[in-house]
Amino acid sequence: MNIHFIAIGGSAMHNLAIALHQKGENISGSDDTIHEPSKSRLEKYGLLPEKFGWFPEKISSDLDAIILGMHAKKVNPELLKAEELGLKIYSYPEFLYEQSKNKTRVVIGGSHGKTTITSMILHVLNYHEKEVDYMVGAQLEGFETMVHLTEENDFIVLEGDEYLSSPIDRRPKFHLYQPNIALLSGIAWDHINVFPTFENYKEQFKIFTDSMINGGSMVYNDEDEHVKEIVESSENHIKKYPYTTPKHFIENGITYLETLEGDLPLEIFGIHNLQNLAGAKWICQHMGIDEDDFYEAIASFKGASKRLEKIASTKSTVIFKDFAHSPSKVAATTKAVKEQFADWTVLACLELHTYSSLNAEFLAEYKGALDFADKAVVFYSPDAVKIKQLEAVTKEQIATAFERNDLVIYTNPTAFSDFLFSQNLQKTVVLLMSSGNYGGLDFERFKNSF
């Protein structure tokens, strides 16, 4: 097939382009800007556009498909040309469904944990040399790409994002996959620019549950009241498999899982991660991996990239980097770190970076989110608020929202960086929570500074 990507430089898009190239398809693409690591990875496979920009002349009737990324606008010149020629235009998830119509589709959904659970499943399957197709939202150790597609594999494991599919397809991505096997990890209001009320947001997970094929298997977190309500009230003809936090204990900074074969030391920690593990075990069992084999493999799982990722450590200092930004994720991550390092100082640094987190009306959702940190810092950029065309947020509003009198707030990247480098980090865990980079923080210099 001749396939053209409009906005090929996106994290998901460039991985799909590489996966299709590896499958033997003819791939072309355009973008107005491409950042690392996408740029180097596309260049490695000969897929980097010669020039940045949009070029309608690239669009011709010889193309079998157009894949449209979220970065593109409705008035994109290449998109308009494709529409004029009547070419088949796919969103990213729509194309993945087309590639997997004849496979058993395993879809992992939820407001939090879906990347980690998908990563756990792939780690276990890879450990036992079980070949599957997949799409996951983080780079995994031992995997060349975040997307892998074949003709022959029976299963495809998909991370099911609830965000919109494309500029011209406003359906949440995970509504398009029609899973045979699915998992729901938890529901906590997010993406308020698209889902203005919590009820509207919850409805998307109901639609997802009802989109499963008849006789499908739904694995769900029985400890999340919203997930439990949606799955257990569903009248779709599916089999339902609840999971809960497994029995465990913490000793000398290591979390142990209590199993029938004995106590199993884990590389990961925190209630959410243990719940994720329990869900991943159910999914792997549905895919033919028995319990003992799952435990053998999961013991070496170190986590997904940027999900409580340990980026540096000495005997007296540990630094974690985490993608957490929504209130529930921030609270769960901070609590998990404090429970694991109960006798240490936890310095939590949160960047408010997303549309939701910078919305003045949404800020109240962060109440108590940093309570488990011994020292709490919030960084945000007033410029980011302007770029997102939001109402200005003040330091006073942030302090009021978190309800923490000793909260330190920075809006200047240099001042924040200076603060971080000046800290005494003896017997301290630094938790860097952001989907951004704190206005340009040099992570390498910081982690090598002690």
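The values are calculated or read from the model by the stated rules, or taken from the named source; none is laboratory data. Note that the structure is a prediction, hence the values are computed from the model and not measured. Positions of Cβ are backbone-derived with ideal geometry, glycine not excepted, and every protein chain shown enters the neighbour counts.
Observations on the model:
- Flag for Ala324 being buried (at least 21 other Cβ atoms within 10 Å of the Cβ) and within 18 Å of the chain's Cα centre (by Cα): yes
- Yes/no for Ile3 being surrounded by 19 or more Cβ atoms within 10 Å (Cβ to Cβ), modelled with pLDDT of 95 or more and not in a loop (DSSP other than H, G, I, E, B): yes
- So Lys114, is it closer than 26 Å to Glu296 by Cβ, basic (Lys, Arg) and at pLDDT 95 or above: no
- Qualifying residue in the stretch 106-114 (condition: outside any strand (DSSP E or B), surrounded by fewer than 22 Cβ atoms within 10 Å (Cβ to Cβ) and in the same structural domain as Ala188 (by TED's automatic domain parsing)): no
- The listed residue being in a helix (DSSP H, G or I), closer than 23 Å to Arg170 by Cα and touching a Pro at 6+ places or on another chain (Cβ under 8 Å), out of Glu98, Glu78: Glu78
- Some residue of the stretch 389-399 being crowded, with 20+ Cβ neighbours inside 10 Å, assigned by TED's automatic domain parsing to the domain that holds Trp344, touching a residue at least 24 places away in the same chain (Cβ under 8 Å) and not hydrophobic (A, V, I, L, M, F, W, C): no
- Residue that is surrounded by the fewest Cβ atoms within 10 Å (Cβ to Cβ) [pool: residues in the stretch 6-16 that are out of contact with any Pro (no Cβ under 8 Å at 6 or more places or on another chain) and part of a loop (DSSP other than H, G, I, E, B)]: Gly10
- Qualifying residue in the stretch 31-41 (condition: in contact with a Phe, Trp or Tyr (Cβ under 9 Å, 6 or more places away or on another chain) and surrounded by fewer than 18 Cβ atoms within 10 Å (Cβ to Cβ)): yes
- Total residues in the stretch 241-268, condition modelled with pLDDT under 90, assigned to a strand (DSSP E or B) and within 20 Å of Glu296 (Cβ to Cβ): 1
- Long-range neighbours under 9 Å by Cβ, at least six apart or interchain, first residue free of Cβ contacts under 8 Å to residues at least 24 places away in the same chain within the stretch 91-119, second among the hydroxyl-bearing types (Ser, Thr, Tyr) and surrounded by fewer than 24 Cβ atoms within 10 Å (Cβ to Cβ): Glu98/Tyr90
- Residue tally, condition in contact (Cβ under 8 Å) with a residue 60 or more places away in the chain, hydrophobic (A, V, I, L, M, F, W, C) and assigned to a helix (DSSP H, G or I), over the stretch 17-74: 3
- When each of Glu129, Glu83 is tested for being among the acidic types (Asp, Glu), surrounded by fewer than 21 Cβ atoms within 10 Å (Cβ to Cβ) and assigned by TED's automatic domain parsing to the domain that holds Met287, the lone residue that passes is Glu129.
- If you go through the stretch 346-360 and pick out every residue that is surrounded by fewer than 18 Cβ atoms within 10 Å (Cβ to Cβ) and either in contact (Cβ under 8 Å) with a residue 60 or more places away in the chain or farther than 12 Å from Ala401 by Cβ (or both), you end up with 1.
- Looking only at the stretch 391-450, and only at residues there that are aliphatic (A, V, I, L, M) and assigned to a loop (DSSP other than H, G, I, E, B), the one that is nearest to Asn252 (Cα to Cα): Leu425
- Of the criteria (1) surrounded by 19 or more Cβ atoms within 10 Å (Cβ to Cβ); (2) more than 25 Å from the chain's Cα centre (by Cα), which one Ala331 fails: (2)
- Just one of the numbered conditions (1) β-branched (Val, Ile, Thr); (2) surrounded by fewer than 23 Cβ atoms within 10 Å (Cβ to Cβ); (3) touching a Ser or Thr at 6+ places or on another chain (Cβ under 6 Å) is not true of Val194: (3).
- Qualifying residue in the stretch 285-307 (condition: among the aromatic types (Phe, Trp, Tyr), without any contact (Cβ under 8 Å) to a residue 60 or more places away in the chain and not in a helix (DSSP H, G or I)): no
- Answer residue from the stretch 269-305, given it is in the same structural domain as Glu129 (by TED's automatic domain parsing) and on the phi > 0 side of the Ramachandran plot and is modelled with the lowest pLDDT among those: Gly270
- Scan of the stretch 218-240 for residues that are within 22 Å of the chain's Cα centre (by Cα) and part of a strand (DSSP E or B), ordered by number: Met218, Val219, Tyr220, Asn221
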